[in-house]
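Since the structure comes first, as structure tokens, the remarks are kept for the end.
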Amino acid sequence: MEFNEYFVQGMALLGAGIAMIAGRGPGIGQGIAASKGAESVGRNPDAAGKVRSIMVLGIALAETTGIYALIIALLLIFMKG
């Protein structure tokens, strides 16, 4: 079964839109991490440096999911879209 070029382009753009839904996860994860970091610094101000470094590492790891989704969406748009 062979698909025409318009169907392939439409499916690629639909896939790009679905891939960008993954951008919600890192946003929620970073918000939760920042709120818990602020909460822990409020409870123990002496550990602010250690909490900050761990929080930044966690936020950076959470952001990779959004970056991967963006790369996949851009590849789908510009290679097939």
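The values are calculated or read from the model by the stated rules, or taken from the named source; none is laboratory data. Please read all numbers here as calculations on a predicted model, not as lab measurements. Quick reminder, even Gly has a Cβ in these numbers, built from the backbone with ideal geometry, and neighbours come from all protein chains shown. Quick note on the areas: whole protein, heavy atoms, side chains included, nothing else; ligands and nucleic acids left out. Shrake-Rupley method; radii C 1.70, N 1.55, O 1.52, S 1.80 Å.
Note down the accessible area of residue 53, probe 1.4 Å, to the nearest 10 Å².
In the full protein context, residue 53 sits at about 70 Å².
Going by accessible area, probe 1.4 Å, with all protein chains left in place, what is the ranking of 2, 63, largest first?
2, 63
I'd like the carbon and sulfur percentage of the solvent accessible area for the chain, probe radius 1.4 Å, heavy atoms only, ligands and nucleic acids excluded.
Reported share for carbon and sulfur atoms: 69 percent.
What accessible area, in Å² to the nearest ten, does a 1.4 Å probe give for residue 7?
90 Å²
Find the accessible area per residue for the chain; the probe is 1.4 Å, ligands and nucleic acids are left out, and the unit is Å².
In whole numbers, the chain has 75 Å² accessible per residue.
Compare the Cα positions of 19, 41, 3 along the charge dipole of the chain (+1 at Cβ of Lys, Arg; -1 at Cβ of Asp, Glu; about the Cα centre) and return the one farthest towards the positive end.
41
Using helices alone, what [θ] at 222 nm do you get for the chain, with -39,500 (n - 2.57) per DSSP H run of 4 or more residues, divided over all residues and rounded to the nearest 500?
So the calculated ellipticity at 222 nm is -27500 deg cm²/dmol.
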